[in-house]
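First up is the structure itself, then whatever we jot down about it.
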Amino acid sequence: MKATFPMNTPSPALEARITRAKALLEAHPPGQHAAEGLWGFYSYSDAHQAMGGGVGAFVWAPDLESIHAFIANVLPCDPPAHAEEEDALLCDSLDAILARHRPGEVRDDETLGELNEALATRSVIEWIGPFADLATGQGAFGRRMRHQFRRSLDETRAMDIPEPSVPNTVPALTADEHPAFVSWLADYGL
């Protein structure tokens with residue numbers, strides 16, 4: 001005789017959240033290419049390495065509101081092993097944190113700290129911002145990305161050598177570097 005297990009039927013609220021998360025994933029798949037004018041974020045799994053943790057990717061969208069929607073609706077369900085009530089509370093918590101995240105009004109490290117505390121064991125967000133921050137900005141994450149990108153182009157340097165600290169200033173991308181940087185970002189963390 002075959003054993004059967006009762007299946008929990010998701011609530012209408014969870015079904016709506018799942019539908020919205022699927023639509024957001026289809027519209028903004030992780031690893032797609034960045035471009036001028038797009039907003040994005042970089043995150044990686046906060047799960048144990050044996051469970052696939054640590055894999056990261058950029059997600060890009062046309063505006064900050066789309067990025068907020070993705071974070072609030074997709075990241076709480078990833079990994080999907082949590083209780084429905086816990087996911088719903090997390091979505092509400094993320095919405096409240098993101099409602100306060102407006103460029104120039106809230107310090108990014110403060111916002112990221114709140115988001116990462118809420119998302120513990122699920123995801124870690126390292127950066128949220130416009131593509132221009134990565135290409136030309138002097139924020140720590142943008143400098144690090146340009147520094148690592150340029151370092152990856154130096155074929156004489158073994159990439160397994162520990163990376164030196166990132167300089168306090170890193171020149172903006174040149175027009176010639178831009179296409180290769182965009183391609184490099186699509187694979188970063190994967």
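The values are calculated or read from the model by the stated rules, or taken from the named source; none is laboratory data. None of the values given here were measured: they were computed from a predicted structure. Don't worry about glycine lacking a Cβ; one is built from the backbone with ideal geometry, like all the others, and counts go over all protein chains shown.
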| query | List, please: which pairs have Cβ atoms under 8 Å, are six or more places apart or on different chains, and start with a residue in the range 163-185 that is within 14 Å of Gly142 (Cβ to Cβ) and at pLDDT below 90 and end with one that is basic (Lys, Arg) and exposed (fewer than 14 other Cβ atoms within 10 Å of the Cβ)? | reply | none
| In the range 116-157, the residues that are touching a residue at least 60 places away in the same chain (Cβ under 8 Å), surrounded by fewer than 19 Cβ atoms within 10 Å (Cβ to Cβ) and of a type in the set (Gly, Ala, Ser) | Ala120, Ala132
| field | The one condition in (1) farther than 20 Å from Glu36 by Cβ; (2) modelled with pLDDT under 90 that His147 fails to fulfil | value | (2)
